[in-house]
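This report refers to the structure that appears directly beneath it.
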Amino acid sequence: MNILGISCFYHDSAAALLKDGVIVAAGQEERFSRKRHDSDFPARAVKYVLREAGLKPEDLDAVGFYDKPLLKFERMLSTYVATFPRSFNSFRKAMPVWVKEKLWVPSIIRRELRPYKGPIFFAEHHMSHAASAFLVSPYEESAILTVDGVGEWCTASSAVGRGSDVTLLKEVRFPHSLGLLYSAFTYYLGFKVNSAEYKVMGLAPYGKPVHFDRIMKEMVHLKPDGSFKLDMSYFSYDYGLRMTNGKFDQFFGGPPRKPETWMAEREFDIAASVQKVCEEVVLTMARHIHRETGLPNLSMAGGVALNCVANGRVIRETPFKNLFVQPAAGDAGGAVGVAHWLYNTIDKQPRGKAWTNAYLGPAFSDEEIGQYLAEAGARFEKLDDGELTRRTARAIADGNVIGWFQGRMEFGPRALGARSILADPRDPRMRDTLNMKIKFREGFRPFAPSVLEDRAAEWFDIECDSPYMLLVAQVREGKRTIPSVTHVDNSARLQTVRRADSPLYYDLISEFDKLTGVPLVINTSFNVRGEPIVCTPHDAYLCFMRTNMDHLVLGHYFLAKPDQPPLREDVDWRKLYELD
Ligand SMILES: [Fe+2]
């Protein structure tokens, strides 16, 4: 049975293909269209997953959409009515898109998937999230928490997964939303909503949560069962085009920070405060659902589940023994969720193997890469596995910055060793080098390490694996020799690497360990600021040539910057790999 899952029209649209109970391919549209957080219908991603599965649209048995547009529309209309006339501007801006696009999801799907004539199903947004977490987790039974901005009405839910079943227990409803609260603070701090929330999390350790008590007293009314209400007089996201209002400004003694301006203690303290509020709410929810279910396993999804500091506290401070957060825990993962929900929960099919890695995107053979490099006029050496990992490890240890492009692209927001930029974590200047010369981004954000799974506990205070870089743990005291991946509070957001999932990456880090005694490297996503992570050899080569990266490793090809001729912008890579 072949099921296509789709999520789109909000942010990060994506497609996933479930073949006989196993996701064989999944991808976010932004990687193919090269438009960051692309929310359009994921036509290119759909084309890719179908090709990867060897299918045509007419071979599909069902198509699933990750939310219910009509229910969402109803929520928006009733909110507009309730907040009229303040909502007029927002209403005027949102309506044309709804009338043109969002209300016509079934006909758009039919048009895009011609000649597909089968059924189209719609799952509730938080059911898609819950299914995306539990049904690919390694647990037979699990408590489930989903927390995000908003779906139709629901903004957070608790659920229980047993076998192929997912049962929703309780929900928090719009406008009360932890995700939107976090986004409101993101907006107030001068960052982009729906994309820069992780920057606020990165800022938090520089400040003190001095506003925490006041926020919990006046803005967020949290109950012991994890449900909460926001005092909406501080916010305008339910009716306006801004997230916060004058009362919010008064609360923090000034207007929102202008983007790209100087930040100081005040901004750090506000970031630290909202981060602590987020952790407090998530911990309260987790403790409550543990009391209710008594289960040792927790699966989480929704945008807030990408808050790896909160996740780290859930695993350390609640009675749950195990935590699973899938790599595309945000809305992109909804495409996976709805497909699994249709197959397992609705059609009552048994579950397949749990996910152990995020490599669900396109791969490129050495032949394809070689053909591209020849066309681009690039100079390279071709090396075998052993020589490739040794040379790359040596280059990293010598202070070089490496573009590392191997195998299938990751699904989800993190680069996990398939489309990564790698560097030496021991060099205290490496953070600035990477920020200024490669990523062209703000200097405050820490980098993250990829560590050999079997050596992680030696370096970090962690007892479980973290294959998707979604947990934060303290660097152990005797191991504070890796300044470029250690945050000011001595924490690190780490990825544990298993040889079974990515043998070449594991071997590379092992070689680096042999040279330096450090079983980890800096791993940051292979892109520059504002661009999606690279997908094809062409994307990678362009990024390599346009930044101060020293080496590029594409499959078995090893490239050095000084050897390269000037960049030719006219190579038509689409001929090589038809993504359009
Ligand atoms: Fe969501």
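The values are calculated or read from the model by the stated rules, or taken from the named source; none is laboratory data. Since the model is a prediction, treat every value here as computed from it, not as a measurement. Don't worry about glycine lacking a Cβ; one is built from the backbone with ideal geometry, like all the others, and counts go over all protein chains shown.
The table below gives the values:
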read-out: Any chance Glu280 is away from the ligand (no atom under 16 Å from the Cβ), closer than 16 Å to Glu141 by Cα and charged (D, E, K, R); value: no
read-out: Scan of the stretch 512-531 for residues that are touching a Ser or Thr at 6+ places or on another chain (Cβ under 9 Å) and either among the polar types (S, T, N, Q) or surrounded by 20 or more Cβ atoms within 10 Å (Cβ to Cβ) (or both), ordered by number; value: Phe512, Val518, Pro519, Leu520, Val521, Ile522, Asn523, Thr524, Ser525, Phe526
read-out: Residue in the stretch 106-124 that is over 19 Å from Ile3 (Cβ atoms) and more than 15 Å from the ligand (Cβ to nearest atom) present; value: yes
read-out: Residues (more than 10 Å from the ligand (Cβ to nearest atom) and either surrounded by fewer than 24 Cβ atoms within 10 Å (Cβ to Cβ) or within 20 Å of Ser227 (Cα to Cα) (or both)) located in the stretch 125-135; value: Met127, Ala130
read-out: Strands (runs of 3 or more DSSP E) wholly inside the stretch 508-577 containing at least 2 residues that are not aliphatic (A, V, I, L, M); value: 520-525, 557-560
read-out: Hits in the stretch 283-308 (condition: under 23 Å from Gln474 (Cβ atoms), surrounded by 22 or more Cβ atoms within 10 Å (Cβ to Cβ) and away from the ligand (no atom under 16 Å from the Cβ)); value: Ala286, Leu298, Cys308
read-out: Test result for Val338, part of a helix (DSSP H, G or I), out of contact with any Pro (no Cβ under 8 Å at 6 or more places or on another chain), among the aliphatic types (A, V, I, L, M) and under 16 Å from Ser164 (Cα atoms); value: yes
read-out: Check on Lys56, in contact (Cβ under 8 Å) with a residue 40 or more places away in the chain and not β-branched (Val, Ile, Thr); value: no
read-out: Test: residue in the stretch 312-323 that is more than 20 Å from Ala448 (Cβ to Cβ), at pLDDT 95 or above and among the β-branched types (Val, Ile, Thr); value: yes
read-out: Selection count where residues are among the small types (Gly, Ala, Ser) and touching a strand residue (DSSP E or B) at 6+ places or on another chain (Cβ under 7 Å), scope the stretch 469-483; value: 1
read-out: Selection status of Leu17, closer than 30 Å to Gly530 by Cβ and crowded, with 17+ Cβ neighbours inside 10 Å; value: yes
read-out: Residue within the stretch 367-374 that is of a type in the set (Gly, Ala, Ser) and within 16 Å of the ligand (Cβ to nearest atom) present; value: no
read-out: Filter pass, Arg498 being at pLDDT 95 or above, of a type in the set (Lys, Arg) and farther than 19 Å from Ile402 by Cα; value: yes
read-out: Residues of the stretch 291-329 classified as free of Cβ contacts under 8 Å to residues at least 60 places away in the same chain and within 16 Å of the chain's Cα centre (by Cα), total; value: 1
read-out: Qualifying helices (runs of 4 or more DSSP H) (wholly inside the stretch 3-116; at least 2 residues being among the aliphatic types (A, V, I, L, M)); value: 43-53, 69-83, 88-100, 105-112
read-out: Tally of residues being under 28 Å from the mean Cα position of the chain (by Cα), more than 15 Å from Glu280 (Cα to Cα) and among the aromatic types (Phe, Trp, Tyr) across the stretch 201-245; value: 4
read-out: Number of the exception - Ala332 against (1) in a helix (DSSP H, G or I); (2) in contact (Cβ under 8 Å) with a residue 40 or more places away in the chain; (3) out of contact with any Gly (no Cβ under 8 Å at 6 or more places or on another chain); value: (3)
read-out: The stretch 138-152, subset more than 16 Å from the ligand (Cβ to nearest atom) and not aromatic (Phe, Trp, Tyr), residue surrounded by the fewest Cβ atoms within 10 Å (Cβ to Cβ); value: Glu140
